[in-house]
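The next block holds one structure in the form of structure tokens; read it before the comments.
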Amino acid sequence: MNQKHLLLITIFVWLAMTAVAQDLKDWFVFSPENQPTDAITDMADWLDKPAGKHGFVLMKDDQLEFEDGTPIKFWGTNVCSNQPFMKPEEAVKWGNFLSRFGFNGVRFHKFTWDATDGIHSTVISGDRWKNFDFLCNELRNKGIYYGWSHIYGHKVMKADSNRIMAYSELAATKFPWSHLNGTTSALVNFAEDLQALNIELTVNMLNHVNPLTGLKYASDPALSFIEFQNEDNIFWSAIEKTLEQTPTYKAMLSRKFSQWLKAKYGTDEQLKKAWNNEGLLSVESIAAENVYPQPNHGLFSWEYGQALKEKRPVKQHILDKANFLYDEQMKFYKKFEKAIRETGYKGPLVGSCWQAGTGLAHLLNLHADAEVGMIDRHNYFGGGNGHSLAPGKFDNTPMVSKIGSGLFSSGLQQLSNRPFAFSEWMSLIPNEWTAESSPIIATYGMGLQGWDASYVFATDIPRYQPAIHSGRGGGIYNATSPTQMALYPALARMIYRGDVKEGETVIHRKVDLASVLKGATPLNETVKQDFDRKVMEGTFPLQLMAAGKVALSYTDENKTEFLKNFESLWKDSVMSSTTGQLNWSEKGKGYFTINTAGTKGFVGFSNREPLQLGELTLKTDNEFAVVLVTSLEKEKGIANTNRILVTTIARAQNTGMKFSDDRTELLVRGNAPVLLEPVKLSMKFNRKTQPKITVLDHSGKKTDRVLSAEKGWINLDGAKTKTIYYLIEY
């Protein structure tokens with residue numbers, strides 16, 4: 001290499017390093033207190049204490065309300081695995097932490113793997129449940145409700161062997177996800193012996209009396225929902241791999257299906273005629289009771305798609321297989337529902353929270369969930385490969401750039417007559433725009449679309465994580481990051497005060513399930529799935545999701561209805577909501593504005609343009625930012641409140657974190673502490689009196705730094721104040 005080339009390379013490296021240094025020169029270390037007191041942002045007083053005071057949570061059409069008629073929305077988080085059995089001293093910290101950030105709901109998730117006596121899979125452990133009882137009582141006293149997502153694959157134990165048809169086969173099963181090995185997952189949807197275990201465990205839990213409340217859990221109105229099973233249904237793609245390992249259960253399933261076919265067709269000759277000599281292997285017959293129903297949503301989704309493409313009905317053998325599987329799912333769900341109701345529990349039920357592909361399987365699975373309770377779904381967005389933050393390519397697309405993309409698309413599964421919950425979601429690092437996710441869910445999901453519950457995934461410790469990932473392993477599912485948790489004091493106030501109103505229904509997809517089971521293809525919506533991450537698309541403009549409610553109903557007709565003159569809401573690449581409170585622009589990289597009485601602000605790439613939001617003008621020099629201006633009073637809006645919280649968040653990253661030049665590849669993960677990009681903001685209220693502006697610290701507590709307005713303009717420069725919170729007082 002000659003000296004000229006070496007000099008050029010040296011200059012290039014120096015310029016690149018200088019650019020990186022310049023990019024981060026004003027970023028500051030995020031340093032909140034672990035257990036702050038007297039924080040301006042504290043939400044504890046906003047929670048309605050104790051949980052359960054209004055009676056059980058009930059479903060009323062498409063909403064949740066308490067027995068006394070009080071409406072309720074849950075803004076919650078997931079607490080997983082052995083965490084619900086934490087020691088009492090930890091439970092106190094958790095109660096304080098969750099209430100401080102405004103969580104009124106917790107989803108206890110996959111927590112029964114180690115909750116039994118170690119001998120039987122259905123007998124709960126007394127010692128562990130003492131801790132569980134303490135935590136539940138601590139939460140209810142704080143005004144925090146708890147729901148059970150307790151079964152994510154029921155682990156069988158040796159004491160169960162005499163109750164299980166093929167214990168050795170089941171105990172040896174291997175899933176693509178090792179935590180499901182040796183569980184009832186997938187097979188439970190049709191196998192009665194396995195169903196009995198899941199149901200017995202749940203009933204035992206419900207009949208357990210918490211000595212601190214004096215109530216068995218079936219009688220505890222703070223128990224806000226019970227989920228039958230997490231991410232499982234009879235159409236689940238993993239079921240066929242499981243059946244290959246459990247020939248006894250595969251034979252059972254085939255026998256059941258053969259008997260179902262015999263009841264419908266009588267003979268093999270009639271079956272072959274109805275099926276047009278398709279869908280049967282040469283060795284399969286009703287007589288031999290070995291007709292296999294192929295329980296994989298991929299098959300049903302593909303066949304439905306082919307029928308749409310070829311403009312023909314779905315093939316009969318596909319319809320029969322799907323119909324049979326749906327019947328088996330319904331038998332299980334109705335049995336589970338009956339057992340729970342017999343304990344006296346009145347609250348909402350959830351069948352499962354997993355989508356079964358598209359088309360036929362999806363519509364049947366969604367209907368099965370609706371038959372026993374509310375609709376609940378999961379979705380994730382962004383991230384790289386795997387569950388840990390590691391160098392490699394990743395999706396750095398912002399959701400605000402395309403309306404209806406990413407997490408928000410899950411709302412396509414909302415039914416018109418059932419409450420809707422989003423019980424697992426997260427925008428995954430190292431995507432740089434993760435701060436956009438919780439405002440999208442809170443504003444457009446919980447607000448405009450009228451969703452009823454949100455549980456971010458997941459909260460592992462009762463304080464902020466020291467890095468943007470969780471734990472030493474670099475977990476990417478981290479709710480305790482400043483790009484998530486720091487926004488919740490503003491978002492929770494917006495939700496509980498009801499600032500964002502539900503929109504009018506702008507599109508209503510009506511589906512006649514009876515016609516679908518005869519081959520009709522009324523719905524053409526697709527799902528592209530990468531494990532937990534799903535991208536859903538419809539045949540209508542997804543921009544309508546930013547205009548008003550998007551609903552689906554099971555009716556006696558196949559029809560799609562649009563709001564009259566909905567086109568007028570879309571102007572110059574901006575979709576306005578039917579409420580007049582929200583505008584989502586797809587210009588540039590995209591952004592949306594919030595203009596309600598109690599909360600105003602913007603999320604995304606505002607193109608550095610001034611934004612007029614009623615009596616408030618905002619302008620930022622940042623390329624990307626989340627700015628939320630919120631009244632701190634329950635009964636007063638921004639125009640007449642004395643105290644206003646300003647929250648400013650942009651990007652966050654680990655110290656030492658490095659990206660490729662095009663920001664699509666993580667080169668170095670980095671580690672603690674977290675660095676925050678400063679937000680530079682100018683704002684002006686249309687008020688006559690001069691405000692007092694106090695800089696708050698990273699925990700939301702007052703500092704001794706006071707700023708002054710200049711000719712009515714409030715200029716907040718995060719590079720100088722090194723903070724994300726400000727208090728404005730009039």
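What follows is calculated from the coordinates using simple rules that are stated; it is not laboratory data. Predicted model only: the values in this text are computed from it and were never measured. Positions of Cβ are generated from backbone atoms using ideal geometry, with glycine treated the same way; all protein chains shown enter the neighbour counts.
Relative to the longest principal axis of the Cα atoms of the chain, helix 297-310 runs at roughly 90 degrees.
Between the range 29-47 and the range 187-240, what's the alpha-carbon centroid distance in Å? If you average the Cα positions of each part, the centres end up 35 Å apart. Between the helical axis of 247-265 and the dominant principal axis of the chain, each derived from Cα atoms, what acute angle in degrees is found, rounded to the nearest 10? The helix 247-265 is inclined about 70 degrees to the chain. Once backbone amide H atoms are built at 1.01 Å from N, Arg107 has Thr77, Asn78, Val79, Gly147 as its partners under 5 Å, excluding neighbours fewer than 5 places away on the same chain. Here the 3J(HN,Hα) profile of the range 219-226, calculated from phi with Karplus coefficients 6.51, -1.76 and 1.60 at θ = phi - 60°, is 9, 8, x, 7, 7, 8, 6, 10 Hz, Gly and Pro shown as x. For the range 230-337, the fraction of C-alpha pairs more than 23 angstrom apart is 29%. Seen against the Cα atoms of the chain and their longest principal axis, helix 359-372 is set at about 90 degrees. The radius of gyration of the Cα set in the range 105-184, together with its Dmax, comes out at 15.0, 46 angstrom. Spin-label model, Lys309 to Lys331: label points 7 Å out along the Cα-to-beta-carbon direction sit 3.4 nm apart.
The Lys174 and Arg643 beta-carbon pair, evaluated with R₀ = 56 Å, returns a calculated FRET efficiency of approximately 0.45. Once the Cα-Cα distance is subtracted from the 0.36 nm per residue extended length, the Asp704 to Ser161 segment shows a gain of 188.8 nm.
Using a cutoff of 8 angstrom between alpha carbon atoms and counting only pairs six or more residues apart, the relative contact order for the chain works out to 13 percent.
When both the range 552-581 and the range 379-404 are represented by their alpha-carbon centers, they are found 29 Å apart. If you bin the C-alpha pair distances of the chain every 20 Å from 0, what whole percents do you get? With 20 Å bins starting at 0, P(r) equals 17, 48, 29, 6, 0.
Here the gap between Ile119 and Leu281, fully extended at 0.36 nm per residue and compared with their Cα-Cα distance, gives a gain of 54.1 nm.
If R0 is 35 Å, what FRET efficiency do you get for Asp661 and Ser31 from their C-beta distance, rounded to 0.05?
Computed FRET efficiency for Asp661 and Ser31 comes out at 0.70.
With a Förster radius of 35 Å applied to the beta-carbon distance between Glu289 and Ala390, the computed FRET efficiency rounds to 0.10.
To the nearest 20 debye, what charge dipole does the chain have about its Cα centre, counting +1 at the Cβ of each Lys and Arg and -1 at the Cβ of each Asp and Glu?
1060
The ranking of Thr505, Thr721, Thr593 from fewest to most other beta carbons within 10 Å of each one's beta carbon is Thr505, Thr721, Thr593.
Centre-to-centre separation between the Cα atoms of the range 447-501 and those of the range 636-659: 13 Å. Looking at this model, which pairs from Lys684/Lys722; Lys110/Lys549; Lys241/Lys321; Lys331/Lys402 are more than 29 angstrom apart at the alpha-carbon? Pairs exceeding the cut-off: Lys110/Lys549; Lys331/Lys402.
The H on the amide N of Leu428, modeled in the peptide plane, is under 5 Å from the matching H of Phe381, Gly382, Gly383, each at least 5 residues off or on a different chain. Projected label points at Ala719 and Thr539, each 7 Å from Cα along the beta carbon direction, are separated by 5.3 nanometres.
When the Cα positions of Leu716, Ser576, Phe605 are compared along the charge dipole of the chain, Leu716 comes out farthest toward the positive end, with charges on each C-beta of Lys, Arg, Asp and Glu.
Its DSSP H runs of at least 4 residues, each contributing -39,500 (n - 2.57), put the calculated 222 nm mean residue ellipticity of the chain at -8000 deg cm²/dmol, to the nearest 500. Taking 0.36 nm per residue of separation and subtracting the Cα-Cα distance, full extension of the segment from Lys60 to Asp572 would add 180.5 nm.
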